[in-house]
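The values are calculated or read from the model by the stated rules, or taken from the named source; none is laboratory data. Note that the structure is a prediction, hence the values are computed from the model and not measured. Cβ: placed from backbone, ideal geometry, glycine included. Neighbour counts: every protein chain shown. Please note that ligands, DNA and RNA were not included when accessible areas were found on the heavy atoms of the full protein model with its side chains. Shrake-Rupley method; radii C 1.70, N 1.55, O 1.52, S 1.80 Å.
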Amino acid sequence: MLRLIMQPCHALLGLALILQGCGAIYVSPRVVQQSDVVLVRQLTRETLVSANMADYTPRRLPDYFTQNARVSGNALGVGALPELGAPPVIPLMETSLPPAVDPGPYLIGVGDVVSIQTQLPHRLSESLAGGVATQTHSQEYTVRDDGGITIPDVGSVIIGGLTVDQAEAALFQTLIAAQINPKFSFDIIQFNAASVSLGGAVNAPVVIAMDLTPLYLDEALTRAGGVTVADRKYVSIRMYRDGTLYQIPFAQYLDDPGLQKLRLVAGDSIFVDITFELDQAQAYFEKQIALTQLRQQTRRQVLAALTAEMDLQRATLTEQRTSFQDRAVLDAVPRDYVYLTGEVSAPGRFALPFESYASLADALYAKGGFSNKTANSSQIYVLRGDENGQITAWQLDGRNTANLVLATRMTMLPNDIIFIAEQPVTRWHRVIQQIVPSLITSGAGLAAN
């Protein structure tokens, strides 16, 4: 009885092997060279150049991914000085000179506008990796009331009260700590923190911003247009500094080069007077103090408005970026893809990144790579078609692990197909998997009969 059952089983096994040999049970995918359609080329260090010759520009992100919230214009204007009436002619007065001072180098202050010019890409890791094209990027910042500026990707940096050299050192250390390329240039492009005012009998009352260059009395008078009084022997120069009033007869000023080179410091208020009485000068200084307080209050209000506007712009940019990212998840934005099939761990598609290139290794290993148990590492293919219908199959032999370095250098193009063939033993195992259930089912049916 056993002999009668085994004979049909042998017959079924023979039939199954015949079917497998004819390809009816399992068909293994593979890449076959066809001279008129498919060209198989080995991927080597020499042929890699040809593989990467295609003209491809990655898709750009929308502009709002590179924009920062900012406002234009300068809200820190100084306003006009008061108009003072002409006093009667007065006799000369005694000389009272301010003490000589050396204010030292310029200290950055509230309201100053600085420019920081950097090289992109700004990430230190990208710069160290090399091979990334850079471009110059310049950004302007206004020093806040707390002496700080806020730099994107870095945060707040306190530069108020520092010299230019000290500010550059502080920025250098902050960029290093944030892992950002520390190569930059730093300049003060608007000096708003400190000033000297001139009024009275001059052609053009003016407020002069203090900058990196020392300011002297003769230069300040020149920038105010000079004295308007014809008979200058009755003219006096009054100076208000740190709560003390000083006075210089104009005739003495003209005769003494040392007085002409009297160095001015931030906060000095100069009044060219033609009266011995101090009423007009005192009124001028009082108005200057009032104007300074008013400008400070106005500046705080304007800065608050600018901050609100920047917050609104920042919120708008954040909303646009979030919306774009949500649409990208839903496949609602144009993307370029590479497709993976064959003995890869996760067949599917790999989205090429925005504004940068992806390699064969990026696309392959982002999806889990492949298993040496089932995949034939000697037959890793990148199938790439051209506009004429010609298909080039770039074959990478991964049996030598060193060849996988080529995978990190081969640039992926839209619609590339990555295919990995199967191991011969994998093919046979799958044939057996299809044959054995049929044999069992058929043998059980015959036994039942």
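Give the residue that is surrounded by the most Cβ atoms within 10 Å (Cβ to Cβ), with candidates limited to residues of the stretch 150-170 that are within 16 Å of the chain's Cα centre (by Cα) and not charged (D, E, K, R).
Residue satisfying both the conditions and the ranking: Ile151.
Looking only at the stretch 147-170, count every residue that is closer than 27 Å to Gln296 by Cα, at pLDDT below 90 and in contact with a strand residue (DSSP E or B) (Cβ under 7 Å, 6 or more places away or on another chain) and tell me the total.
The qualifying residues number 3.
When you look at Ile274, is it modelled with pLDDT under 90 and buried (at least 16 other Cβ atoms within 10 Å of the Cβ), yes or no? Write out each step before concluding.
Working: modelled with pLDDT under 90: yes; buried (at least 16 other Cβ atoms within 10 Å of the Cβ): yes.
Here the answer is yes, as Ile274 does meet what is asked.
Name the residues in the stretch 171-189 that are in contact with an Asp or Glu (Cβ under 8 Å, 6 or more places away or on another chain), surrounded by 12 or more Cβ atoms within 10 Å (Cβ to Cβ) and farther than 30 Å from Ser356 by Cβ, would you?
Of everything in the stretch 171-189, just one residue is in contact with an Asp or Glu (Cβ under 8 Å, 6 or more places away or on another chain), surrounded by 12 or more Cβ atoms within 10 Å (Cβ to Cβ) and farther than 30 Å from Ser356 by Cβ, namely Ile188.
How do the strands (runs of 3 or more DSSP E) wholly within the stretch 302-413 filter down when requiring 2 or more residues that are touching a residue at least 40 places away in the same chain (Cβ under 8 Å) and among the aromatic types (Phe, Trp, Tyr): which remain? I'd like the intermediate steps shown before the answer.
Values: elements: 337-342, 348-351, 375-385, 391-396.
Counting at least 2 such residues, we get 337-342.
Residues in the stretch 187-202: is at least one touching a residue at least 12 places away in the same chain (Cβ under 8 Å), within 25 Å of Val272 (Cβ to Cβ), assigned to a helix (DSSP H, G or I) and more than 21 Å from the chain's Cα centre (by Cα)?
Looking through the stretch 187-202, none of the residues is touching a residue at least 12 places away in the same chain (Cβ under 8 Å), within 25 Å of Val272 (Cβ to Cβ), assigned to a helix (DSSP H, G or I) and more than 21 Å from the chain's Cα centre (by Cα).
Condition check: open to solvent by 80 Å² or more (accessible area, probe 1.4 Å) and either at pLDDT below 80 or hydrophobic (A, V, I, L, M, F, W, C) (or both). Does Leu330 satisfy that? So that I can check it myself, show each step before the final result.
Working: open to solvent by 80 Å² or more (accessible area, probe 1.4 Å): yes; either at pLDDT below 80 or hydrophobic (A, V, I, L, M, F, W, C) (or both): yes.
For Leu330, the condition - open to solvent by 80 Å² or more (accessible area, probe 1.4 Å) and either at pLDDT below 80 or hydrophobic (A, V, I, L, M, F, W, C) (or both) - is met.
For the stretch 41-53, what are the residues that are loosely packed, with under 12 Cβ neighbours inside 10 Å and either modelled with pLDDT under 50 or assigned to a loop (DSSP other than H, G, I, E, B) (or both)?
Once the filter is applied, which keeps residues that are loosely packed, with under 12 Cβ neighbours inside 10 Å and either modelled with pLDDT under 50 or assigned to a loop (DSSP other than H, G, I, E, B) (or both), the stretch 41-53 yields Arg45, Glu46, Met53.
If you take the residues in the stretch 333-364 that are in contact with a helix residue (DSSP H, G or I) (Cβ under 6 Å, 6 or more places away or on another chain) and more than 15 Å from Ile417 (Cβ to Cβ), which one is surrounded by the fewest Cβ atoms within 10 Å (Cβ to Cβ)? Walk me through how you get there before you give the answer.
Residues of the stretch 333-364 in contact with a helix residue (DSSP H, G or I) (Cβ under 6 Å, 6 or more places away or on another chain): 333, 338, 350, 360-361.
Filter again for more than 15 Å from Ile417 (Cβ to Cβ), leaving 333, 361.
On the way: Val333: 15, Ala361: 17.
Filtering first and then ranking leaves Val333.
Any chance the stretch 71-87 includes a residue that's open to solvent by 60 Å² or more (accessible area, probe 1.4 Å) and either at pLDDT 55 or above or outside any loop (DSSP other than H, G, I, E, B) (or both)?
no
Quickly run through the stretch 345-383 and pick out the residues that are over 24 Å from Pro334 (Cβ atoms), among the aliphatic types (A, V, I, L, M) and modelled with pLDDT of 90 or more. Don't jump to the end; show me each part of the working.
Of the residues in the stretch 345-383, the ones over 24 Å from Pro334 (Cβ atoms) are 345, 361, 365, 368-381.
Within this subset, residues satisfying the condition of being among the aliphatic types (A, V, I, L, M) are 361, 375, 380.
Matches in the stretch 345-383: Ala361, Ile380.
Determine the pairs where a residue that is surrounded by fewer than 16 Cβ atoms within 10 Å (Cβ to Cβ), located within the stretch 245-256, has a partner that is β-branched (Val, Ile, Thr) with Cβ atoms under 9 Å apart, the partner being 6 or more residues away or on another chain.
Close Cβ pairs (under 9 Å, with a partner that is β-branched (Val, Ile, Thr)) amount to Ala251/Val235; Gln252/Thr95; Asp256/Ile248.
Yes or no: Glu126 assigned to a helix (DSSP H, G or I), surrounded by 14 or more Cβ atoms within 10 Å (Cβ to Cβ) and either modelled with pLDDT of 90 or more or acidic (Asp, Glu) (or both)? Lay out the reasoning, then the answer.
On the way: assigned to a helix (DSSP H, G or I): yes; surrounded by 14 or more Cβ atoms within 10 Å (Cβ to Cβ): yes; either modelled with pLDDT of 90 or more or acidic (Asp, Glu) (or both): yes.
It is true that Glu126 is assigned to a helix (DSSP H, G or I), surrounded by 14 or more Cβ atoms within 10 Å (Cβ to Cβ) and either modelled with pLDDT of 90 or more or acidic (Asp, Glu) (or both).
Which one is farthest from the chain's Cα centre (by Cα) among residues in the stretch 230-242 that are surrounded by fewer than 19 Cβ atoms within 10 Å (Cβ to Cβ) and either modelled with pLDDT of 85 or more or basic (Lys, Arg) (or both)?
Ranking the qualifying residues of the stretch 230-242, first place goes to Lys233.
Tell me whether the stretch 385-400 contains one or more residues that are at pLDDT 90 or above, acidic (Asp, Glu) and surrounded by 15 or more Cβ atoms within 10 Å (Cβ to Cβ).
yes
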